[in-house]
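The values are calculated or read from the model by the stated rules, or taken from the named source; none is laboratory data. Remember, it's a predicted structure, so these values are computed and weren't measured experimentally. Virtual Cβ from ideal backbone geometry, glycine too; neighbours counted across all protein chains shown.
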Amino acid sequence: MDRLARLRTPVLAIAWLAVAALFALGGAGIVAGADHPPGSGGRPELTAAGDAAVAAELDAASTALADVAAHTTELGDAGRGALASLVAADTAGLANEVAAGETALDAIDASVAELRARLEAVPLGAPDAAIRHSPAAIARYDRLVTALPATVGLRAAWESLVVGSEPAVELAGHLAAHDARAGEAVLAGSKGRYADALTGLDAAAKELDIAVTIRDRLAKSADVSTLDGWISRSRAIDAALGHLYTLLETSRGRVTPDVQTALAAVDAARASLPPDTRALVVILADIARGGLNQAVIAIEEARGRLAAAAAGSVQ
């Protein structure tokens, strides 16, 4: 009997341990279940229906955001192209880039309107969204919403670029017109038509006068020191040529000592002129740096934020 009791004791102990283990496992399951309240990420079966109901609108919103990012890239390309055309004094190219930028802006506005409409169609911004939708769906919605501010100011930045480009292109046109008029005057003078040469120089001077007016406007936001030097040297050569042709008209083409002195002055003035139009390129580059680059940078920054948001919104 004592032997039987001794055998029963360890068997009972083992049984009690097994029962305790079962209770422990059951309790762990209860605790684990309690750690995932309805609507949390741990209970996808409770949010699957809500996520499915908004999936199509979120996909459409993601597509709209991708379109916004793509059109902003087009706007940035047009902005860089506009600056390149400006520096090259390519007025036709600049006009094309401006038109391309306007088209891209209209497309951005349309895509932003589509994105807003899609986001308004889903209830993920509601206070109780966490009960019906998963954290992943809500996070996706939030990324789409936070991308919208990146589009604010794009049109203003583009308009700043266009407005800044217009006087620069106008300036380039008048400087080129001055050179053309002065060249015609020199040709007339070489043929002994001194009166025509003086008339041509007067027309060239008027082009410079207009350039100075534009220069005064640009000086408020751009470095015009190179431009000032260009205008000053151009006036100097025009004045020297005007004096020479006046003397030649008076002397009826005879080379007097005064004419020889005037010829030397023309040579000196001509020597100070740049050999080609590279200085004009520098002038336009200076103007471009006076705020136009900032407009392009603003567009590029918006493009980067939108591209990142578009990539993160795809599920």
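Structure above, values below:
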| quantity | calculated |
| --- | --- |
| Residue check, Ala172 in the same structural domain as Ala236 (by TED's automatic domain parsing), at pLDDT below 85 and under 25 Å from Glu97 (Cβ atoms) | yes |
| From Ala100, Ala52, Ala64, Ala84, residue being surrounded by 18 or more Cβ atoms within 10 Å (Cβ to Cβ) and without any contact (Cβ under 8 Å) to a residue 60 or more places away in the chain | Ala64 |
| Residue match in segment 196-208 (condition: within 30 Å of Ala69 (Cα to Cα) and free of Cβ contacts under 8 Å to residues at least 60 places away in the same chain) | no |
| Residue among Gly76, Gly81, Gly101 that is part of a helix (DSSP H, G or I), of a type in the set (Gly, Ala, Ser), in contact with a Lys or Arg (Cβ under 8 Å, 6 or more places away or on another chain) and under 30 Å from Leu227 (Cβ atoms) | Gly76 |
| Among (1) among the aliphatic types (A, V, I, L, M); (2) surrounded by 19 or more Cβ atoms within 10 Å (Cβ to Cβ); (3) at pLDDT 95 or above - the single one Ala222 does not satisfy | (3) |
| Filtered residues of segment 182-209 (kept if crowded, with 17+ Cβ neighbours inside 10 Å and touching a His at 6+ places or on another chain (Cβ under 9 Å)) | Ala204, Ala205, Glu207, Leu208 |
| Some residue of segment 115-138 being β-branched (Val, Ile, Thr), more than 19 Å from Ala69 (Cβ to Cβ) and part of a helix (DSSP H, G or I) | yes |
| Among the residues listed as Ala137, Ala168, the single one being aliphatic (A, V, I, L, M), under 30 Å from Ala53 (Cα atoms) and either without any contact (Cβ under 8 Å) to a residue 12 or more places away in the chain or buried (at least 19 other Cβ atoms within 10 Å of the Cβ) (or both) | Ala137 |
| Out of Arg143, Arg80, Arg132, Arg118, sole residue that is in contact with an Asp or Glu (Cβ under 6 Å, 6 or more places away or on another chain) and among the charged types (D, E, K, R) | Arg118 |
